[in-house]
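Report on the structure given below.
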Amino acid sequence: MSNTEPDFTCIHCGLTMSVMTPDGDERDHCSGCLTSRHVHDQYDGGVSECAGRMTPLSVVVPGDGRWRLVHRCADCAELSEGIVAGDDSPLPLMRIAVRPLAEPPFPLELLGRV
């Protein structure tokens, strides 16, 4: 990585991040807390003027096998997704990944009746 690559400061935890990941992808979230900022408009592909905090919501694994983070904007509720980077903190990533199992949307007692 060169020293000319721009950095950004996480709006949630204050960590300073490079916009490029060690894998060579463009970073769209903090590798520490996985929070992002709403800068892209998902509907028309342009720049969003919202600039709200994008909270990590879940992970998805599309057909290419690369994990992607799903974020929701705390201000306007727009959803977005971005590639999980190799240097993302594994603990918050796994917390998000197992949340549906740890906090199911139904009472666990119902499983005994199935």
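The values are calculated or read from the model by the stated rules, or taken from the named source; none is laboratory data. These numbers come from a predicted model, not from an experiment. With ideal geometry, Cβ positions are generated from the backbone for all residues, glycine too; neighbour counts draw on all protein chains shown. When the accessible area is computed, the model is the full protein with side chains, heavy atoms only, and any ligands, DNA or RNA have been set aside. Shrake-Rupley method; radii C 1.70, N 1.55, O 1.52, S 1.80 Å.
Remarks
- Helical content of the chain, expressed as a calculated mean residue ellipticity at 222 nm, amounts to -3500 deg cm²/dmol (DSSP H runs of 4 or more residues, -39,500 (n - 2.57) each, divided by residue number, nearest 500).
- In degrees, nearest ten, helix 90-102 long axis to first principal axis of the chain (Cα): 30 degrees
- Percent carbon-and-sulfur accessible area, the chain, ignoring ligands, DNA and RNA, probe 1.4 Å: 55 percent
- In the range 31-114, the alpha-carbon atoms span a convex hull of 137 Å³ per residue.
- Across the chain, the mean sequence separation of Cα contacts (distance under 8 Å, 6 or more residues apart), normalised by length, yields a relative contact order of 20 percent.
- Built amide H within the under 5 Å cut-off of GLY52, gap 5+: HIS38
- Only one residue of LEU69, PHE106, SER89 has its Cα farthest out toward the positive end of the dipole of the chain, where Lys and Arg carry +1 and Asp and Glu -1 on Cβ, and that residue is PHE106.
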